[in-house]
Every structure is written in C-alpha cells, then in structure tokens.
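To start, the structure under review is shown below, and the notes come after it.
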Amino acid sequence: MDMIRLDPPPELAVPLGDTMYTQRAIRRFDPDRPIDDAQLELVLDAASKAPSGGNVQPARFLVVRDRSKIEAFGALYYEAWWAKRADELGWEPGHDIPADSPYRMAALLADEMVHAPVVVLAFSTGNARVAASSVFPPVQNLMLAARALGIGSVLTTLHPTVMERVHELFGVPDGVGFHCCIPLGYPRGGFGPTRRFASADTTFWDRWEARPPWG
Ligand SMILES: Cc1cc2nc3c(=O)[nH]c(=O)nc-3n(C[C@H](O)[C@H](O)[C@H](O)COP(=O)(O)O)c2cc1C
C-alpha cells in the first residue's frame, strides 16, 4: 500500500477563500517557470481527497510532462477545438473570430496548449454514465490546489474526432472514459478578476425563483 498523506501540506495552508475567489481560467503560460514534481504531487494529492459516489474513486489522472507528447497533444487539442467550432458554427480552423465572441479567449488556448508546461488529463474507470460527477470534484480540488501554489489552470474538453489518437498517444486502454484536460502553468501576466453572477441571482430559497435572504 502506498503512503497516503493525511495532514495537509504546509504549501496549501493559504486561505481557502483567497484561492476560490481568485481562481480563474489561465490560458497563457510562462515558459520560463517550470512546475516541479513535488508541486504536481501536492495538487494530485489534493485531487485524491475529493468526494466520489460511494467512495468508489473512479477518477484517474494522466500527467503529461514530456515535451514531445505535449506538442503532439497540443496539435490534437487545436484540431479538436476547431472541430467543435465547425460543428456549431461551420467555422474553419483559423476563422477570424469576432472581437466580442466568447470564443476569442478559448481560441487562444487552442494555440497555447502546445506551450503548457504540464497537461493533466482526467479519466474515469468503471461506469462512464455515473463517473463524470465523481471526476469533477477531484478536478476542482486539483485546480484550487494549483491556484494555492500560484499555478494557473483551465478546464477544457476534446472532440470525438481526436479521441482515438489521444488514447493511442498515451496508451489509454478501451473502456477508460475521458472527461477533461487541464493545462497547468504559471500565468504569463496575473490572475486578474473574474466576472460571475451574484449568488442571490443563482440561488432559490425553499421554492423555485424565491429569493434567498440576501437577495
Ligand atoms: C465544462 C467546461 C468546459 C470548458 N471548455 C473550455 C474550452 O474549450 N476552452 C477554453 O479556453 N476554456 C474552457 N473552459 C473554461 C471557461 O471558459 C472558463 O472557466 C470561464 O469562461 C470563466 O473564465 P474566468 O475564470 O477567466 O472568468 C471550460 C470550462 C468548463 C467548466
């Protein structure tokens, strides 16, 4: 049995509120600030502490550090991202995205993935239908722990056209379900503010559409 960390590591002893309130999508990574294995162990340990249905713990993480594999994956990610846009909007790769489009920033990630210092792929074993809801709590723990260390991340998905090649690239067996990928790196620039709905607008009290006391 491997050693399981029971006490929280001192590196994560930063106020939880600070990490939650400043976490945001980071898509530009500083190529001169690598992430070391000890930091990755911390964030993956944090992921392993998350809840899962029946405590079955179906989440599996594949950490990609090898530059040539990140480059190969980056090319697949670019293809996948534009395949989603082709499905939805009929856009070709490199389409001139309008300045006010929500896809403008995401398109940046399609270009930047290849430069990420680390990419984490989140999978699950077992029943795929129920697994997703037990994978995203660990993913959120991972991203918050990364934020606590000053490391940026963004959650993103792929497209069916590339999945076979992704499985092949990393030797992932059939029957293992892919859920999302999370590039990690120190941000080029700061974390910046987020724009979120007020909780009073997303919370109902005892009855649908009834305002909470702070609404
Ligand atoms: C399910 C999911 C899918 C996402 N897919 C993408 C994506 O394909 N590309 C991307 O750049 N960001 C993606 N994101 C990140 C969101 O765009 C980001 O969290 C959101 O816009 C808030 O950005 P902010 O944290 O900078 O405010 C995804 C996030 C989630 C939760």
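Just a few scattered comments:
- Residues of segment 52-64 include none that is over 27 Å from His167 (Cβ atoms), out of contact with any Lys or Arg (no Cβ under 6 Å at 6 or more places or on another chain) and basic (Lys, Arg).
- Among the residues listed as Arg165, Arg195, the single one being surrounded by fewer than 10 Cβ atoms within 10 Å (Cβ to Cβ) and within 21 Å of the chain's Cα centre (by Cα): Arg195
- Among (1) touching a residue at least 60 places away in the same chain (Cβ under 8 Å); (2) within 16 Å of the chain's Cα centre (by Cα); (3) farther than 30 Å from Thr22 by Cβ, the one test that Cys181 misses: (3)
- 3 or more residues more than 13 Å from the ligand (Cβ to nearest atom) and in contact (Cβ under 8 Å) with a residue 24 or more places away in the chain: qualifying helices (runs of 4 or more DSSP H) within segment 55-159: 67-89, 128-148
- Test: residue in segment 22-35 that is away from the ligand (no atom under 13 Å from the Cβ) and surrounded by 14 or more Cβ atoms within 10 Å (Cβ to Cβ): yes
- Subset of segment 36-47 that is among the small types (Gly, Ala, Ser) and buried (at least 16 other Cβ atoms within 10 Å of the Cβ) - its residue that is farthest from the ligand (Cβ to nearest atom): Ala46
- Cβ-Cβ under 8 Å pairs, at least 6 apart or on other chains, segment 184-202 side of a type in the set (Asp, Glu), far side away from the ligand (no atom under 14 Å from the Cβ): Asp201/Gly215
- Filtered residue count, segment 1-55, keeping only those that are in contact with a His (Cβ under 7 Å, 6 or more places away or on another chain) and more than 16 Å from Met143 (Cα to Cα): 1
- Scanning segment 1-47 for residues that are touching a residue at least 60 places away in the same chain (Cβ under 8 Å) and basic (Lys, Arg) gives Arg24, Arg27, Arg28, Arg33.
- Residue under evaluation Asn55, criteria (1) farther than 25 Å from Gly190 by Cβ; (2) crowded, with 17+ Cβ neighbours inside 10 Å, criterion not met: (2)
- Extreme residue, nearest to the ligand (Cβ to nearest atom), among residues of segment 177-215 that are part of a loop (DSSP other than H, G, I, E, B) and in contact with a Lys or Arg (Cβ under 7 Å, 6 or more places away or on another chain): Thr194
None of the figures in this text is laboratory data; all of them are computed from the coordinates on show. None of these values were measured; they are calculated from a predicted model. Don't worry about glycine lacking a Cβ; one is built from the backbone with ideal geometry, like all the others, and counts go over all protein chains shown.
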